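Peer 1: Quick one: the structure is below, and I'll ask about it shortly.
Since every read-out is calculated from the coordinates, none of them should be taken as a lab result. Keep in mind that this is a model prediction, so the values were computed, not measured. Note that each Cβ is placed from the backbone with ideal geometry, even for glycine, and that neighbours are counted across all protein chains shown.
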């Protein structure tokens, strides 16, 4: 059983970096699920909405492999912090991953599929991909807590908590988020 990741992304988002983070999960998940009956290749694309690409999955009997191709919105992701992108991508990933595995129930037992999904969910939760720092901060803010307290409790920088508070209160962010701006190097 092998799991591989690749990404296709534009500048001004952190999806390539986040895909690299997901690669760190591969050995742990493969070790826990070594008897899983097929390989899984995952492509994560962050493309402008105008491209119109939809996510899909395909099983190749010849290679005994499942390809999962996930597409997220560059128009949205460029406005999000890296932590927000991580949790958004985590939610999209786990949702489509589960659906893709469940659609291939002829090729893997329910037990194997359930165990694989639980392993991935456990890793994602432990690494702030689902129910992470952003979710914790959002709950604390909605409960009426002060920004400094939320920053302290969630582990997020104060300015990110402040941005999140503004979004919760209806502010729209259309510019490239500061996390996504590459430094300019002058020679």
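Peer 1: Here are the criteria: (1) touching a helix residue (DSSP H, G or I) at 6+ places or on another chain (Cβ under 7 Å); (2) in contact (Cβ under 8 Å) with a residue 60 or more places away in the chain; (3) crowded, with 17+ Cβ neighbours inside 10 Å. Tell me which single one residue 37 does not satisfy.
Peer 2: (3)
Peer 1: What tally of residues in region 89-122 results from selecting those that are buried (at least 17 other Cβ atoms within 10 Å of the Cβ), farther than 14 Å from residue 37 by Cα and touching a helix residue (DSSP H, G or I) at 6+ places or on another chain (Cβ under 7 Å)?
Peer 2: 7
Peer 1: If we keep just the residues of region 47-61 that are touching a residue at least 12 places away in the same chain (Cβ under 8 Å), closer than 15 Å to residue 96 by Cα and assigned to a strand (DSSP E or B), which is farthest from the chain's Cα centre (by Cα)?
Peer 2: Going through the qualifying residues, I end up with 59.
Peer 1: Right, something else. Spot the failing condition for residue 90; the list is (1) out of contact with any strand residue (DSSP E or B) (no Cβ under 6 Å at 6 or more places or on another chain); (2) farther than 30 Å from residue 154 by Cα; (3) part of a helix (DSSP H, G or I), and only one is missed.
Peer 2: With respect to (1) out of contact with any strand residue (DSSP E or B) (no Cβ under 6 Å at 6 or more places or on another chain); (2) farther than 30 Å from residue 154 by Cα; (3) part of a helix (DSSP H, G or I), residue 90 is out only on (2).
Peer 1: Within region 146-171, how many residues turn out to be outside any helix (DSSP H, G or I) and buried (at least 18 other Cβ atoms within 10 Å of the Cβ)? Spell out how you get there, then give the answer.
Peer 2: Here is the first cut: in region 146-171, the residues outside any helix (DSSP H, G or I) are 146, 155-157, 169-171.
After this cut, where a residue has to be buried (at least 18 other Cβ atoms within 10 Å of the Cβ) as well, the list is 156.
Residues meeting the conditions: 1.
Peer 1: So, one more: From the set of residues in region 106-142 that are under 30 Å from residue 80 (Cβ atoms) and outside any helix (DSSP H, G or I), which is nearest to the chain's Cα centre (by Cα)?
Peer 2: Restricting to residues being under 30 Å from residue 80 (Cβ atoms) and outside any helix (DSSP H, G or I), the top hit is 129.
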